[in-house]
1. Being in contact with a strand residue (DSSP E or B) (Cβ under 7 Å, 6 or more places away or on another chain) and either in contact (Cβ under 8 Å) with a residue 12 or more places away in the chain or of a type in the set (S, T, Y) (or both) is the filter here; which residues of the stretch 89-116 pass it?
2. Take the residues in the stretch 58-91 that are outside any strand (DSSP E or B) and among the basic types (K, R); name whichever of them is farthest from Y47 (Cα to Cα).
Amino acid sequence: MLDLELSTSLLLCLLSLLFYFFFLFNSKSIFTSFCSSNKSAEIPRSYPLIGSFLSIYANRTRLIQWTSDIMASTSTSTFVLHRPLGRRHVFTANPSNVQHILKTHFHIYQKGEIFRAHIFDLLGDGIFSVDGENWKF
């Protein structure tokens, strides 16, 4: 049983190293199609588990310009960026969407425990880190 556990661990370690070296040596050729400045920006394709990692990695040196190009190319000025492991980020430059989120329906958009855990050390129970009744108080 010990040999089986050891060989499985070794196999997983070797696969991760192989994956790392694959991206290290082939990153220029693989990501050229994802990071072309002359083609119009389009919403990045999302894959299971890794999300839009390939597009994010290809545009890592110009993330702000890349996201603003995508927003400018969409009809609603809003898009969802799928991060690895199922996390999502919504980007919007549409004034009606911003008003909906921050003013009209603020109570619907909760910050959540993950955000609170990360920001609590900096802001404590301040207005930017609490939800619901605590926020009103």
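Each reported figure results from applying straightforward, stated rules to the coordinates on display, with no laboratory input. Given the structure is predicted, the values throughout are model-derived calculations rather than measurements. Positions of Cβ are generated from backbone atoms using ideal geometry, with glycine treated the same way; all protein chains shown enter the neighbour counts.
1. Across the stretch 89-116, the qualifying residues are V90, F91, T92, N94, N97.
2. Among residues in the stretch 58-91 that are outside any strand (DSSP E or B) and among the basic types (K, R), the one farthest from Y47 (Cα to Cα) is R62.
Rundown of residues vs (1) over 19 Å from the mean Cα position of the chain (by Cα); (2) within 27 Å of P48 (Cβ to Cβ), yes/no style:
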| site | (1), (2) |
| --- | --- |
| T76 | yes, yes |
| F91 | no, yes |
| V98 | yes, no |
| G132 | yes, no |
| W135 | yes, no |
